[in-house]
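Enquirer: Right, I'll just put the structure down here and ask away after.
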Amino acid sequence: MPKELVIITGLSGAGKSLASHVFEDLKYYCIDNIPPNLMPDAARLWHDSNTDATGLAFVVDTRSGDLFERFVETFDEMKSVPVNGFSRPKVLFLDASDDVLIKRFKETRRRHPLVTDTRGIIESINYERNLLMPLRERADKVIDTSNLEPISLRKAIESNFSTQRPAEALVITVVSFGFKHGIPLDADLVFDVRFLTNPHYVEQLQPYDGNSQPVRQYVLSDPLSEPLMEKLFDLVEFSIPQYAREGKAYLTIAIGCTGGRHRSVVLANELARFLENLNYTVIVEHRDIGLGKK
């Protein structure tokens, strides 16, 4: 059976070191900061060692300097013709908002790898985003770590990269969020449900969130909820097989309301149930449910 091959990349400060530790716990052999052009040879050498590990994970990013320019070319070659003994390589891209990245670098007092005498931290982050854009577009899974605690990042990786699931199964993450907290950076599809009646303004419902039956009943009683779900479910049911046909292994569907506490939670749960009934592997995340009551 082919071994799994995962390439971990993304922005500096977004959590790649923690991600590699999680993969090690999942019985992957991890190699950090490998020059991109060495990946195929390293994979063959590792495979020939007859290791019992689940798979191989490379951490590749802009620390490799000029050698990083070979990343896209090398990855496309490995995707077109997988290394013998491995399945098609998957790319995990870790992202985070600029303000969160700046805060992390200040707290750790670590130097951003692209900072120079003439390029500060903000310019370096923007420069790195541009360098990484081709990889983000090729990523199988993008995880926004801006609001994730380490345990949540661990769970997200374990949920998406567990070898217990069929290798070719499409994993769908349905995430609720609040627009006032920002759109999830890892979203493939985004739907806005702020036009539904807001339970926040019903005094007796304010203590509850969208996981409670009173709020669910209130949101679903809105005359617009049923036609919304009918059209949303129809579009998603049509779209998912097209993503799977293109070889996408992970899909994130984001549903947003104002604060991410009521309406988006209800609709995310309803969509998840609909997809589970279609026998898809579904992960539900309520990103902003605990961030406030609006």
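The values are calculated or read from the model by the stated rules, or taken from the named source; none is laboratory data. Since we're looking at a predicted model, the values are computed, not measured. Cβ placement follows ideal geometry from the backbone for every residue including glycine, while neighbour counts extend to all protein chains displayed.
Enquirer: Determine whether segment 186-197 contains at least one residue that is of a type in the set (Lys, Arg) and under 30 Å from Asp98 (Cβ atoms).
Expert: Yes, segment 186-197 contains at least one residue that is of a type in the set (Lys, Arg) and under 30 Å from Asp98 (Cβ atoms).
Enquirer: Regarding Ile34, is this residue out of contact with any Gly (no Cβ under 9 Å at 6 or more places or on another chain), within 28 Å of Met133 (Cβ to Cβ) and without any contact (Cβ under 8 Å) to a residue 40 or more places away in the chain?
Expert: Yes; evaluated as a whole, the condition is true for this residue.
Enquirer: With a cut-off of at least 3 residues that are assigned by TED's automatic domain parsing to the domain that holds Lys155 and over 20 Å from the mean Cα position of the chain (by Cα), name the helices (runs of 4 or more DSSP H) lying wholly within segment 1-80.
Expert: Helices (runs of 4 or more DSSP H) meeting the threshold: 39-48, 71-80.
Enquirer: Restricting to segment 191-210, count the residues that are under 18 Å from Arg273 (Cα atoms) and modelled with pLDDT of 95 or more.
Expert: Matching residues across segment 191-210 total 2.
Enquirer: I've got another one for you. Please go through segment 101-147 and give me each residue that is under 30 Å from Thr173 (Cα atoms), in a loop (DSSP other than H, G, I, E, B) and not β-branched (Val, Ile, Thr), ordered by number.
Expert: Once the filter is applied, which keeps residues that are under 30 Å from Thr173 (Cα atoms), in a loop (DSSP other than H, G, I, E, B) and not β-branched (Val, Ile, Thr), segment 101-147 yields Ala139, Asp140, Ser146, Asn147.
Enquirer: I'd like the full set of residues that are free of Cβ contacts under 8 Å to residues at least 40 places away in the same chain and under 15 Å from Val91 (Cα atoms), limited to segment 58-74.
Expert: Glu73, Thr74
Enquirer: As an exercise: evaluate Pro223 against (1) assigned to a loop (DSSP other than H, G, I, E, B); (2) surrounded by 23 or more Cβ atoms within 10 Å (Cβ to Cβ) and give the number of the one condition it does not meet.
Expert: (2)
Enquirer: State whether one or more residues within segment 16-26 are more than 17 Å from Pro150 (Cβ to Cβ) and either of a type in the set (Ser, Thr, Tyr) or buried (at least 20 other Cβ atoms within 10 Å of the Cβ) (or both).
Expert: no
Enquirer: I would also like to ask the following. Pick out the one residue from Ala187, Ala156 that is among the small types (Gly, Ala, Ser), under 30 Å from Pro113 (Cβ atoms) and part of a helix (DSSP H, G or I).
Expert: Ala156
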